[in-house]
1. Count, please, the residues in the stretch 165-215 that happen to be out of contact with any Pro (no Cβ under 8 Å at 6 or more places or on another chain), in contact (Cβ under 8 Å) with a residue 60 or more places away in the chain and surrounded by fewer than 18 Cβ atoms within 10 Å (Cβ to Cβ).
2. Considering (1) out of contact with any Lys or Arg (no Cβ under 8 Å at 6 or more places or on another chain); (2) modelled with pLDDT under 80; (3) of a type outside the set (S, T, N, Q), say which one residue 136 fails and leave the rest.
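The values are calculated or read from the model by the stated rules, or taken from the named source; none is laboratory data. Predicted model, so just to flag it, every value in this text is computed and none were measured. Counting neighbours? That spans all protein chains shown, and the Cβs are built from the backbone with ideal geometry, glycine included.
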Amino acid sequence: MNNYNWKDAFPNTPKSFKNKINTTLNSLCDEEEIDEMKVKTLYKKPSFKRRTVVALAAAMIIGTTVFAGGKIFSINSQGSNIPTYTTMPTEEKIQNDLGFNPKLVNEFSNGYTFKNGYTTTDEGLDIKGNSVAKSKSLDFDYEKDNNKLSLSMENGILGRALEDKTAVDNYNSIEIYYNSYTNKFVPADYKMTEQDKQDEKSGKYVFSYGSDKEEISEVQYLEWKQDGIYYSFLAMDCDISQDELVEMAHEIIDAK
């Protein structure tokens, strides 16, 4: 199998993100398949725009040390669009279901309120496709008026790291990282034009495959680590600023 350097497809995204996409796609695809698919989501949930971008955004929190160590070569994630929780679960429930205790916030001071919660199982595979590690993560959806965003929480068993980035804030000695990009969703059989190729190379768009039609979305991603647990906000086409996301992170950090 000939490997394609997927790192070149994301010139303005963090190195950890490029490494995840590069190693994961090359572990699963032959050269002919790569030419056809480019970057398709590996997140094994039903075709749903938020879930597609979760796959790409979540890749940004994979540290390069995981792959350099030669143990975990790719990561598969599995879950469902059917909510696991429709009301805010208790700490005891989360501990029993996932085995860790993240900070839980039902409503933020800016009005974003818990809507649904989902659980996801992540599996680390070696270069031969053998399972070498598993972990569970928790996704909460929050809503305010017509805006939605998600909060992911995971315990970092699969080697999550926040290196290769510049913090936008330091709160109570916790560094907070932010990234934003424009995502272009296209159908699975979409053929990239010369302009698309230029837009991808320049970093104007990150391409995601599998949608019913072409769509452009603005993506914001904020992440930090506290007490061994990794937290990340994902906001798509959401009327919220970077400063607001940072303030929401502060509220989680301060939560009892």
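1. Number of matching residues: 8.
2. So the condition that residue 136 fails would be (2).
Let's see how each residue does on (1) touching a Lys or Arg at 6+ places or on another chain (Cβ under 6 Å); (2) at pLDDT below 95:
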{"residue": "92", "(1), (2)": "no, no"}
{"residue": "103", "(1), (2)": "no, no"}
{"residue": "122", "(1), (2)": "no, yes"}
{"residue": "125", "(1), (2)": "no, yes"}
{"residue": "128", "(1), (2)": "no, yes"}
{"residue": "143", "(1), (2)": "yes, no"}
{"residue": "152", "(1), (2)": "no, yes"}
